[in-house]
Amino acid sequence: MKVKEAQKITGSMTRTSKMPGLSYSLPAPACQTGSKLRKVKTSPCFFCYAMKGNYIRYPAIKKAQYFRLASLVHDSWVMAMVAQIKRQKFFRWHDAGDVQSREHMNKILTVCRLTPDTKHWLPTQERPYLPPPEDVPDNLIIRLSGSKIDGPPPTAWSHTSSVVTKGASCPAPAQGGKCRECRACWTKSIKNVSYGKH
């Protein structure tokens, strides 16, 4: 499948200035757990970056996100995603939005298996949709996100992320908001990555 054909099925990927490769964006209002956590002032989701700035400033971004959301049920979604991702060294799932269902998660796992030369990173708050650990491909890191600012990282999963008010391990804020050479989020030997509250 050619990339142009794939984009007609899934929509295009997102290209953020911070990331070392392409990423994938869904509408933040469609987050299931995140929509609940946005009402909790101690949660990172209360300050969701994908509910402000360019994510809401430009109608074209919103339109593209909802197109991607609707595309999840397409019979050729997996192969269309593979066509767009397979040449990427690094890929981030959901720079906005989150996993929508077990079926969605299973499709993501299949995409990862079919793109073995790509390192995938998937942050998520959706605990109900976590797969059995043995089903996670070697080239995918699923990081279960903490639900409380300055709270401990989740203990129910092997790889996690957390949000802190000081002492963050993510170097991006000191690097012009960019990953640059850092690949901690994609590195399996790093069990938790902490991000500064923003």
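The values are calculated or read from the model by the stated rules, or taken from the named source; none is laboratory data. Computed from a predicted structure; not experimentally measured. Quick reminder, even Gly has a Cβ in these numbers, built from the backbone with ideal geometry, and neighbours come from all protein chains shown.
Somewhere in the stretch 106-118, is a residue without any contact (Cβ under 8 Å) to a residue 60 or more places away in the chain, within 12 Å of the chain's Cα centre (by Cα), part of a helix (DSSP H, G or I) and farther than 23 Å from ARG180 by Cα?
yes
When you look at CYS185, is it under 21 Å from ARG15 (Cβ atoms) and without any contact (Cβ under 8 Å) to a residue 40 or more places away in the chain, yes or no?
No; evaluated as a whole, the condition is false for this residue.
Considering each residue of the stretch 30-56, count those that are assigned to a loop (DSSP other than H, G, I, E, B) and either in contact with a His (Cβ under 8 Å, 6 or more places away or on another chain) or of a type outside the set (Gly, Ala, Ser) (or both), and give that number.
Within the stretch 30-56, residues that are assigned to a loop (DSSP other than H, G, I, E, B) and either in contact with a His (Cβ under 8 Å, 6 or more places away or on another chain) or of a type outside the set (Gly, Ala, Ser) (or both) number 8.
Condition first: touching a residue at least 24 places away in the same chain (Cβ under 8 Å), under 16 Å from SER189 (Cβ atoms) and assigned to a strand (DSSP E or B). Now tell me which residues in the stretch 138-158 satisfy that.
Listed by number, the residues that qualify are LEU140, ILE141, ARG143.
Which of the residues that make up the stretch 83-102 are part of a helix (DSSP H, G or I) and either small (Gly, Ala, Ser) or under 15 Å from LYS8 (Cβ atoms) (or both)?
ALA83, GLN84, listed by residue number.
Taking the conditions exactly as written (crowded, with 21+ Cβ neighbours inside 10 Å, aromatic (Phe, Trp, Tyr), at pLDDT 95 or above and more than 22 Å from ALA156 (Cα to Cα)), does PHE67 satisfy them or not?
no
Specify the residue that is farthest from THR42 (Cα to Cα); the eligible residues are those in the stretch 101-149 that are out of contact with any Pro (no Cβ under 7 Å at 6 or more places or on another chain) and small (Gly, Ala, Ser).
SER101
Within the stretch 63-107, track down each residue that is among the β-branched types (Val, Ile, Thr) and closer than 12 Å to LEU26 by Cα.
Within the stretch 63-107, VAL99 is the sole residue that qualifies.
Give me the pairs, please: first residue somewhere in the stretch 123-137 and part of a loop (DSSP other than H, G, I, E, B), second residue anywhere and basic (Lys, Arg), beta-carbon distance under 8 Å, and either six or more positions apart or on two chains.
Every condition considered, the pairs that remain are PRO137/ARG113.
In the stretch 9-19, how many residues are over 14 Å from the mean Cα position of the chain (by Cα) and surrounded by 15 or more Cβ atoms within 10 Å (Cβ to Cβ)?
The qualifying residues number 4.
Residue by residue through the stretch 47-61, note down the ones that are surrounded by 15 or more Cβ atoms within 10 Å (Cβ to Cβ) and either closer than 26 Å to PRO154 by Cβ or at pLDDT 90 or above (or both).
CYS48, ALA50, MET51, TYR55 - these are the residues of the stretch 47-61 that are surrounded by 15 or more Cβ atoms within 10 Å (Cβ to Cβ) and either closer than 26 Å to PRO154 by Cβ or at pLDDT 90 or above (or both).
Among the residues of the stretch 1-29, which ones are in a helix (DSSP H, G or I), closer than 21 Å to GLY53 by Cα and out of contact with any strand residue (DSSP E or B) (no Cβ under 6 Å at 6 or more places or on another chain)?
Listed by number, the list holds a single entry, PRO29.
Filter the stretch 159-182 for residues that are loosely packed, with under 14 Cβ neighbours inside 10 Å, over 14 Å from THR42 (Cβ atoms) and in contact (Cβ under 8 Å) with a residue 12 or more places away in the chain and give the result.
Answer for the stretch 159-182, where residues must be loosely packed, with under 14 Cβ neighbours inside 10 Å, over 14 Å from THR42 (Cβ atoms) and in contact (Cβ under 8 Å) with a residue 12 or more places away in the chain: LYS166, GLY167, PRO173, GLY177.
How many residues are farther than 9 Å from SER162 by Cβ and charged (D, E, K, R) if we restrict to the stretch 129-151?
Number of matching residues: 4.
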